[in-house]
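Okay, structure first, notes after.
The values are calculated or read from the model by the stated rules, or taken from the named source; none is laboratory data. What you see is a predicted model; the values in this text were computed from it and never measured. Here Cβ is always computed from backbone atoms with ideal geometry, including for glycine, and neighbour counts include all displayed protein chains.
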Amino acid sequence: MGTGMRIQKQSLGQLIPIAKGGFGEVFKVAGYHLPGDSADLAYKEFTSHEAEQAKNAKVAVAFQAGLSPAEQADLDANAAWPLALVEDPAGVVKGLLMHLVPPDFFCRAADANTGALKDKPREMGWLVTSAKQRAVAHVNLRDVNKLERHILLGKLIYAIGRLHKHGWVFGDLSFRNAVFALDPPRVLLLDCDGAAPLSDRTRKQANTLCWDPPEFSPGAQNLQNAQTDVYKLGLAILRCMVPGKGAMTDKSASRVAGVLDAEGQDLVTRAVGPDPGRRPSARELYQYFYRAVSARIPVPDVAAVQLRNRYRVRGQDVHIDWQISQADTVTVVAGAQRLQVDLKQQPNGCVFRPDDSGPVSIEVVNRYGSVWFDLGEVTLYELPPFKVDFTFLPTPRVPPLPTLSMAALDRIVAGAPTLRLPEAPVVPSLDTFNLVESLTRSATLTVQLPPFGAAVADASAAITAALQAQADQIGASVRTAYLANQGHTGN
C-alpha cells in the first residue's frame, strides 16, 4: 500500500475560505492541481486535535493510494476522500487535500445570521423537511419524490457499504456529513478523514446528537463498527422516507409502516434495533433498495464489452468494443486517464491511447445510476532505441569543369559579315474618322504598300552569299592544315 503524496503548503497558491468548523477550516485551492488530475481541490487545515487528525489523515490518504484506479474512481465518485497531505517546511502535517464538492451538490439558501441568500451544501437534512420549512429557509429545493428518495438512500448505503468491503467504518454518519444532488440523483460523503480501518483498535470517532447507537455507554470509549454504521443508515432511511414533523430526531421503525413493504420494514426494524447482532449488513440493505429501484427505472444494460489490443507498443491505440443500451455516457478509466464517451456519437465502442500499463475499466451511466466493469489490463512495450547510420556509403565527388572562355570565339565573331537592312518605308497615317466614314459609304480606299517582298529577298540573298563565302574560306583553311599535317607525319 502506498503512503500517498505530501505537498508543501506554500505550493498551493491562493486559498479562498469556504467554511469553518470545530476541528478545521476549509479553503478552495485556486492555483494548484494534483498531478494527472484536473479536478478542483479543497484544503482542510486542522485547527484543533492536530496530531490526532494528522494521524487519521495519513491512514486515509494511504488507503486511497493503495486502491486500484477503478476503486479510486469509485471512491472519489461517492466521497470527498483525503487525497494528499499538506505539510509545513518542517514536515509537520497541517492539513489535507480533497476534491472540491461539485456545484451540483449546492443549493441557494438564506444565511442563518444575515438572511442573505448564498450557496450552501445541499445536506441530506433537507430531505426530512416539509415544503413549508424549505419556504421559510428560502432554499431552492423542489419536492423529492419517493423514487428519488429510494435512489438517494441506495447510493448512501452503497457508499458506506464499499468502505465496509475494504474493512473500514465511516463512524460519524449524519445528515451534515452527506450531501446530495438531483438530475441525476447522487450522494457524496463529507468529513471522510474521520473514517477509520476496523484494524485500528485505538480509533476515536464522534457521534452526532440523536445518531448515537443504543448499545453505547455514555462517557465510555466505544469503538464504532459496521453495525453502528448500519444503525445510522437505518435512521437515515426512516427519517428520509417520511419527512415532516419529528423526522429529524425520530428513531422508531414504525415511521416507515405503509411506506416500505414488509421486507423493507423488517430490515429497518432490525437496523435500528438494540441488538447489533440482528442488524442486517449494508450489503443486505443495498440489495433491497437496488431491487426496489431497478423494478421502476431502466438501469444501464451492458450486453457485451471487450478490451482489444491488450499488448501494444507505447504510442499505439487500444480499442474497446461494446453493446450498451439504456445509458447515456461511458467513462473509460485507465490509470490517471478518464475519457468520457457519448454513446450517441460512439454506440459501438471507442479508441484511446493509454499512458501506462495497468488495469482498464468503464463506468456506464444513465439518468439514475451507473454500472462498473473491469476489462482487464493493458501492457505497453517500449520500442527499443535504434539508429540509422549512412556514413558507410561512399561520398560522390564530381571534378570541377574547365572554365569556358568566350575569347576563342572573338575571332570568328569579329569576322562575321555585317548585314544592313534597308530602311522600312514610312507608312502614311490614316485619318480614322474619314476611314470609317469612307467605309460606311462603301468607298474604296487604295493604299500603296511598300515592297517588303523584294527587300526581304535581297537581304536573304546577301546573307546567304556572305555565309557561303565564309564557309568556303574556313573549309580551305582546314584542308590545307590537314594536308600539311599528313606530310609531316609521313602518312
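Figures for the structure shown
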{"item": "Selection from the stretch 110-126 of residues that are out of contact with any Phe, Trp or Tyr (no Cβ under 7 Å at 6 or more places or on another chain) and either part of a loop (DSSP other than H, G, I, E, B) or under 19 Å from Leu188 (Cβ atoms) (or both)", "result": "Asp111, Ala112, Asn113, Thr114, Gly115, Ala116, Trp126"}
{"item": "Only one of Leu75, Leu83 that is closer than 24 Å to Gln14 by Cβ, under 29 Å from the mean Cα position of the chain (by Cα) and touching a residue at least 40 places away in the same chain (Cβ under 8 Å)", "result": "Leu83"}
{"item": "Restricting the stretch 211-235 to residues that are among the small types (Gly, Ala, Ser) and either touching a strand residue (DSSP E or B) at 6+ places or on another chain (Cβ under 8 Å) or assigned to a loop (DSSP other than H, G, I, E, B) (or both), the residue that is surrounded by the most Cβ atoms within 10 Å (Cβ to Cβ)", "result": "Ala226"}
{"item": "Candidates Asp261, Asp275 - the one that is in the same structural domain as Asn207 (by TED's automatic domain parsing), closer than 26 Å to Leu163 by Cα, free of Cβ contacts under 8 Å to residues at least 40 places away in the same chain and over 43 Å from the mean Cα position of the chain (by Cα)", "result": "Asp275"}
{"item": "Boolean, Arg420 is of a type in the set (D, E, K, R) and assigned to a loop (DSSP other than H, G, I, E, B)", "result": "yes"}
{"item": "Out of Gln306, Gln316, sole residue that is in contact (Cβ under 8 Å) with a residue 24 or more places away in the chain, of a type in the set (S, T, N, Q) and assigned to a strand (DSSP E or B)", "result": "Gln306"}
{"item": "Residue count, the stretch 27-41 (criterion: among the charged types (D, E, K, R) and part of a loop (DSSP other than H, G, I, E, B))", "result": "2"}
{"item": "Residue check, Leu152 surrounded by 20 or more Cβ atoms within 10 Å (Cβ to Cβ), modelled with pLDDT of 90 or more and closer than 30 Å to Leu260 by Cβ", "result": "yes"}
{"item": "Selection status of Arg255, without any contact (Cβ under 8 Å) to a residue 60 or more places away in the chain and either in a helix (DSSP H, G or I) or surrounded by 15 or more Cβ atoms within 10 Å (Cβ to Cβ) (or both)", "result": "yes"}
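Per-residue answers, yes or no, for (1) under 14 Å from Cys192 (Cα atoms); (2) of a type in the set (A, V, I, L, M):
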{"position": "Gly24", "(1), (2)": "yes, no"}
{"position": "Tyr32", "(1), (2)": "no, no"}
{"position": "Gly36", "(1), (2)": "no, no"}
{"position": "Leu41", "(1), (2)": "no, yes"}
{"position": "Lys44", "(1), (2)": "yes, no"}
{"position": "Ala65", "(1), (2)": "no, yes"}
